[in-house]
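First comes the structure, then the notes that go with it.
Every number here is computed from the coordinates shown, using simple stated rules; none is lab data. As the structure is a computational prediction, the values presented were derived from the model and not from experiment. Neighbour counts are summed over all protein chains in view; Cβ atoms, including those assigned to glycine, are modelled from backbone coordinates with ideal geometry.
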Amino acid sequence: MSEIFEDKIRESLEKKGIADRNLARVPVSFPVQFMPISEEEFMSLREMYVSVPTRERSERSGDVSRSQSNALGATTTALFERMDRIEEKLDMLLIAAGMEGEKTKTPVMEIAQANDLSGSGVRLISQMALSKGWYLKLSFNLPGAEPYHVVTLSRVIRSGAQNKDGYFQSACQFDAICEEDQDRVIAYVFRRQRELAHNRGIEI
């Protein structure tokens with residue numbers, strides 16, 4: 001049944017063009033690791049990210065395991081608070097060891113929460129304020145029995161003010177994503193749409 005539904009949706013959207021397939025958007029909740037990069041780095045990596053799927057690229061920085069995905073998705077606020085405490089303790093240890101400069105040598109992936117997803121981008125909730133126009137490397141697992149890992153280069157196209165809980169919401173567009181990875185994202189969006197329809201009692 002699921003294959004029939006996805007085939008029908010694809011046929012309908014393909015008649016309207018790829019843009020419409022990418023615009024289908026669903027609410028989600030899973031962790032996303034991100035790292036701001038320069039425009040120069042984006043340009044140097046863009047061709048590889050467009051032509052080579054994540055599974056064939058050697059870099060796996062920011063990989064999120066299934067257990068992490070399940071745990072982080074349910075306890076985002078607690079996670080951020082714990083990360084702050086760990087960060088403070090790490091700073092103290094590095095200073096005590098006279099290694100305060102060592103911390104900045106290796107780029108660190110920050111953690112955000114995906115709020116909704118489409119084939120063309122994702123909305124993130126994060127402690128870090130992300131400015132419009134920033135380029136990001138995003139890394140996430142699409143939830144499922146066999147999570148599919150995606151690493152893409154993205155650009156912040158909208159950024160919101162800090163909410164009452166101290167978090168920022170940012171809309172990110174996938175500016176460099178391989179077709180295979182994007183198809184996986186779109187397939188996940190279709191599955192998520194079907195789950196939501198089923199939960200509302202809508203027969204598909």
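Loop only by DSSP, 11 or fewer other Cβ within 10 Å of the Cβ. Give me the trypsin sites (Lys or Arg not before Pro) in the stretch 153-204 that pass, ordered by residue number.
Sparse-neighbourhood loop trypsin sites (Lys or Arg not before Pro): Lys164, Arg200.
What is the order of Ser118, Ser139, Ser51, Ser154, fewest Cβ neighbours within 10 Å to most?
Ser51, Ser118, Ser139, Ser154
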